[in-house]
1. Out of A:I29, A:I178, A:I76, any idea which swings most in a Gaussian network model of chain A, alpha carbons joined below 10 Å?
2. Give the separation of the Cα centroids, segment A:97-135 to segment A:194-229, in Å.
3. Taking amide H atoms as placed 1.01 Å from N in the peptide plane, list the residues 5 or more away in sequence, or in a different chain, whose amide H sits under 5 Å from that of A:S60.
4. For chain C, what does the helix formula give at 222 nm: sum of -39500 (n - 2.57) over DSSP H segments with n ≥ 4, over the residue count, nearest 500 deg cm²/dmol?
5. Kindly provide the Kirkwood hydrodynamic radius of chain A in Å, to one decimal, from all pairs of distinct alpha carbon atoms.
6. What figure, in Å² to the nearest 10, do you get for the accessible area of A:Y78 with a 1.4 Å probe and non-protein molecules left out?
7. Counting only other chains, and only Cβ atoms inside 10 Å, what mean value do you get across the residues of A:104-117?
8. Have a look at A:F46, A:F26, A:F148 and tell me which one the Gaussian network model of chain A (Cα, springs below 10 Å) gives the largest fluctuation.
Amino acid sequence: MDIGGLLKELLLEDKVMIHFDFMNGFFDINKSVVITWGVLVVLTLFILFLTSNMKVHNISRKQLVAEVIVEKLRGITYGMLGEEGLRYRDYMVAVLVFIGASNLVGLFGLTPPTFDLNVTAALSLMSIVLVEAAGIKKKGVRKWVKSFAEPMAVVAPMNVLELAIRPLSLCMRLFGNIIGATVIMELLKMAVPIIVPAAFSVYFDIFDGLIQAYVFVFLTSLYIKEAVE
Amino acid sequence: MDLTTIGAAIAAFTGIGAGIGIGLATSKAVDAVARQPEADGKIMKLLLLGCALAEATAIYGFVVSIMILFASK
Amino acid sequence: MLNISVMNIVYTVINLLILYVVFRVFLFKRVDAVMSERSREIDDSIISANKKEQEAEQLKEDYALKLQNADKECEEIVAKSRKDGYDEYDRIVNDAKNKAEQIIAEAKHNAQVEAQREKDAYVSELTDLVVHAANKIAVSKHDEETDKELYNKFIFEAIEKSE
């Protein structure tokens, strides 16, 4: 068994899928982004299927499913955001579904988009921008700037540092979890090719993926809640 | 055997902290559920979050060791 | 494996925003529209139900009022009919009285006529008797004794007849 070779192949593979010749490959599109497009298309088609032909009375089964999904997802994000951050719950639902679906892609034998650091970096970047934007929108710029010196002026550097630490931690947590799960799954597949990987895939691909999506959204919601208080 | 391998192994020691943290969180959660079985939904949520946060340190260690092994080359 | 490419981050951000827009436009907006429509309908039906209840209440009051009026009317009718009944009774009684008086008068008249007739008959009989007695007296031989007897007989006969 060539574990080193497998890991090298897995981790050091060229992630670029669509290559543009100009600007020294600056506009190259990664494989993860292409898979994200696929996830996007599937989700959009699914939503269009669910919400087509909506009625007020005598609802069909798929409309019931759509309503239940909306209620559940909004319930989850509402529970995390609270009354103050109500307006951000739809975005949180979108992120939750996006990360969850991305992590579940591993079930179909593809590498999850979150396996790529760029995707998780983008997600955490969006999160921190949203958190700070929510803070500014709620408090106004002056109060927002002042809030860095709370509860004491001494901790201001720490608070500023948190601006970088929070997204880094979000990004690395998601990325590390997915990379760990994927590596372990690959090693398992190499060691025992049948049956056992399927059982472990339930944990690593489904449970861990969804938990990480939940944690990501939970932490972002927590930050937003803290920012708008 | 070069020193990078040892460095990667040391980075994997972060798992100790994560294990202790998750163990503590779980034991407290079990205590809490035993004391207040009706609040198990809330406790479960908090436990999950705490575990994910504690686990993050192990994940950082893992990422670091992977970086030491592969990104340095 | 840790190489960051700015464009890929941008691509992912764009993807995420697209997904957010898709969620907003195709899922939340549609479901919200249906739900708000439904809640509006529920509100409407509650309002109309309240209105109907009020109407029913109003109707009930009207009916109660009418019922009261009907009671009054009923009493009036009863009183009127009672009065009518008394009038009729009086009329009938008066009629009967009149008739009875008439009958009594008639009967009196009849009785008078009858009495007159009887008197007449008695007088004629008495006359006959007197004539007869005179005849007898005229025919028979008469002395004081027989005269007395005759007078007595005559008086007796007259008393007998008159009785």
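1. So, out of A:I29, A:I178, A:I76, the one fluctuating most is A:I29.
2. Centre-to-centre (Cα) distance: 11 Å.
3. A:K55
4. Numbers: 3 runs with 147 residues, N = 163.
Estimated from H runs of four or more residues: -34000 deg cm²/dmol.
5. Numbers: mean 1/r = 0.0501 Å⁻¹.
Averaging 1/r across every pair of different Cα atoms and inverting gives 20.0 Å.
6. 90 Å²
7. 1
8. A:F26
The values are calculated or read from the model by the stated rules, or taken from the named source; none is laboratory data. This structure is a prediction, so every number in the text was calculated from the model and none was measured. A quick note on method: Cβ atoms are made from the backbone with ideal geometry, for glycine too, and the neighbour counts reach across all protein chains shown. Only protein heavy atoms, including side chains, enter the accessible area calculation; ligands, DNA and RNA are left aside. Shrake-Rupley method; radii C 1.70, N 1.55, O 1.52, S 1.80 Å.
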